[in-house]
Amino acid sequence: MKIWIAALDAHNNGGITTHITALTKELTQLGHEVDWITPGGEIVEQLASHVVKMNQQLFKNYPNNLSVDIIETWALCLEMNFRLKIIEEKPDIIHCHDVIAYQRLKLIAESHSLPIVLTVHGHIPDEEVNHGHITENSVEYDYWRKTEWFALKELRHIISVGNELKEYLENIYPSVQIMNIPNFIHRDFTKIELQNVRSELGIDDKTFLIFCPSRYETIKGIDYLLEALVSLPAKAVLLLIDNGTIGLSQQIDHKQLQNRVKVIKPVPNTLMSSLYASADLCVLPSIKIGSKTETSSLSAMESMIMGTPVLASNVGGLKEVVEGGGKLVPMQDSHALAEEILRFMTSEEELSRYKNLASVRSDSFKAETVVPRLVEVYEAAIHDYEVRFYTPFLLYGFSAKVLQMIFLTILNKIEEIKELLDFSKVRFGIHYRLNLLESYSIIINSLPQNFEDIKTMGKILEEELREYIKNR
């Protein structure tokens with residue numbers, strides 16, 4: 001089978017990249033041919049960089065718009081790469097790893113009779129709010145909600161990486177059907193490539209080494225772990241990975257933990273197994289912010305597959321992964337964290353017990369257990385493929401501004417569309433504003449029968465906008 005994996009967020013590090021890299025390796029070992037579709041490429045990156053910089057200047061007074069424009073710019077780059085690649089060859093199936101990639105590729109895939117499977121790793125609107133890109137319940141928040149809703153509404157084969165995420169999405173969008181298939185760890189991960197991690201870090205065998213592989217950001221709860229460390233015996237040392245975020249060194253200095261915390265630079269995923277193996281305990285103190293929490297936890301899976309005990313917060317997908325294979329404590333509870341770490345430090349029996357539980361639990365997250373289920377989904381999607389109705393307004397070449405106009409129409413935000421047209425006139429001139437309206441009209445008129453209500457609303461609004469422009 002020839003499989004193309006499409007992802008907007010495929011970089012050198014991060015959970016999505018780790019996941020699709022492992023998936024690629026396993027599918028290849030099973031005899032399948034795998035390739036990636038990403039927004040990358042030298043020319044594309046230069047183009048995107050230019051557009052993003054322009055948008056940062058253009059929308060400095062409209063920060064929420066930046067979220068839409070930047071993501072849509074990368075999505076357009078993804079589509080450009082897909083169009084170039086499909087000229088030369090054609091896959092059997094496309095596996096998208098975010099709804100934006102799906103929205104951008106679906107029309108082209110439809111024209112080539114290509115089925116698509118979608119894996120959902122999170123909820124876009126909440127992700128954007130959590131990263132500080134947009135505000136909750138803003139127009140942009142609704143934009144991403146609608147984008148997500150259309151993708152989940154249209155697709156027949158949708159996968160969630162966690163059961164809590166699946167239930168959360170089905171609660172927001174009651175008509176969708178999603179199957180739960182967890183993330184997994186590739187069999188190669190267990191290879192130890194760094195034999196002397198402790199000696200290189202200057203940590204002796206008597207030291208109780210706690211490893212927290214999470215990046216330093218609020219939702220990872222590392223400050224609570226640092227607070228717990230203050231009350232622990234001096235032989236407890238914490239190993240952290242510095243991802244460049246401001247604040248970590250200040251927190252370590254503030255709590256006077258300079259001699260108790262080892263901070264290293266990020267390492268390739270192939271070396272992470274060596275870090276887990278060198279640790280006595282892996283601690284993952286993630287928290288929940290609003291509705292945003294961990295949808296899964298590759299770190300917990302990696303630790304368990306290496307036989308390292310896991311202590312984690314009792315939240316979201318983290319709880320789902322760890323339960324039965326590690327120990328859970330209430331989130332944001334430094335005292336509970338300290339108590340449980342001390343129990344591991346002082347009880348060989350406790351340590352041994354949770355090592356065994358971790359090894360047993362890890363069987364559920366091994367590639368040879370999970371990936372055959374994904375292959376079954378691919379086969380079902382190919383077998384069940386039929387031409388589906390689609391929303392034709394994410395068309396190649398239309399700017400993110402036109403897409404916003406369409407979604408603002410659906411949301412009945414007429415005054416916001418007028419403001420958008422006025423702003424376009426001021427920045428680019430009268431002709432640009434008219435071109436936006438013409439593009440809007442083309443898309444509205446091309447809506448198929450199952451979107452007749454939107455077409456009717458759009459045509460009424462089109463006339464109102466023409467009259468509005470004429471009078472200004």
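If you roll a 1.4 angstrom probe over the protein chains with everything in place, what fraction of the accessible area of the chain belongs to carbon and sulfur, to the nearest %? Intermediate results must be reported in sequence, preceding the final value.
Numbers: 10490 of 21160 Å².
Result for the chain: 50 percent of the exposed heavy-atom area is carbon or sulfur.
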| said: Tell me the accessible surface of K459 in square angstrom (1.4 angstrom probe, heavy atoms of protein chains only), to the nearest ten. | reply: 90
| said: Solvent-accessible area of S446, probe 1.4 Å, all protein chains present, reported in Å² to the nearest ten, please. | reply: 50
| field | For semi-axes √(5λ) of the Cα gyration tensor in Å, calculated from these coordinates, the label among (1) 29, 25, 24; (2) 44, 26, 19; (3) 48, 22, 20 | value | (2)
| query | Taking the Cβ-Cβ separation of N137 and Y173 as r and a Förster radius of 22 Å, what is the calculated FRET efficiency to the nearest 0.05? | reply | 0.80
| task | Over the chain, give the accessible area per residue in Å² for a 1.4 Å probe, as an integer. | result | 45
| request: Divide by every residue of the chain the summed helix terms, -39500 (n - 2.57) for each DSSP H run of at least 4, and state the resulting mean residue ellipticity at 222 nm, rounded to the nearest 500 deg cm²/dmol. | output: -17000 deg cm²/dmol
| task | Search the structure for amide H atoms under 5 Å from the amide H of A236, placed 1.01 Å from N in the peptide plane, and list their residues when 5 or more places away or on another chain. | result | F208
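With a/c under 1.5 counting as rounded, go ahead and sort the range 136-212 into rounded, prolate or oblate using the C-alpha gyration tensor (a ≥ b ≥ c being the square roots of the eigenvalues; past the cut-off, prolate if a/b is larger than b/c, else oblate). The partial results should precede the final answer.
Working: a/c = 3.78, a/b = 2.45, b/c = 1.54.
Prolate shape, in that a/c is at least 1.5 and a/b is the bigger ratio.
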| Net charge over other residues, Cβ less than 14 angstrom from the Cβ of T346 (K, R count +1; D, E count -1) | -2
| message | Using a 1.4 angstrom probe on the protein heavy atoms only, could you order D253, D205 from most to least accessible area? | response | D205, D253
| Which cross-chain or sequence-distant (5 or more) residues have an amide H under 5 Å from the amide H of H123, H modelled 1.01 Å from N in plane? | none
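For a quick protection proxy, order the peptides 153-166, 18-31 by their average other-Cβ count within 10 Å, most packed first.
Numbers: 153-166: 20.6, 18-31: 17.9.
Descending mean neighbour count gives 153-166, 18-31.
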| note | For the range 193-209, Karplus-derived ³J(HN,Hα) couplings (6.51, -1.76, 1.60; θ = phi - 60°; whole Hz; x for glycine and proline) come out as 9, 10, 7, 10, 4, 4, 5, 5, 8, x, 10, 7, 5, 7, 6, 8, 8
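The values are calculated or read from the model by the stated rules, or taken from the named source; none is laboratory data. Nothing here was measured: the structure is a model prediction, and the numbers come from that model. In this analysis, Cβ positions are derived from the backbone assuming ideal geometry, glycine residues included, and neighbour counts consider all displayed protein chains. Heads up: the accessible areas ignore ligands, DNA and RNA and are worked out on the full protein's heavy atoms, side chains in. Shrake-Rupley method; radii C 1.70, N 1.55, O 1.52, S 1.80 Å.
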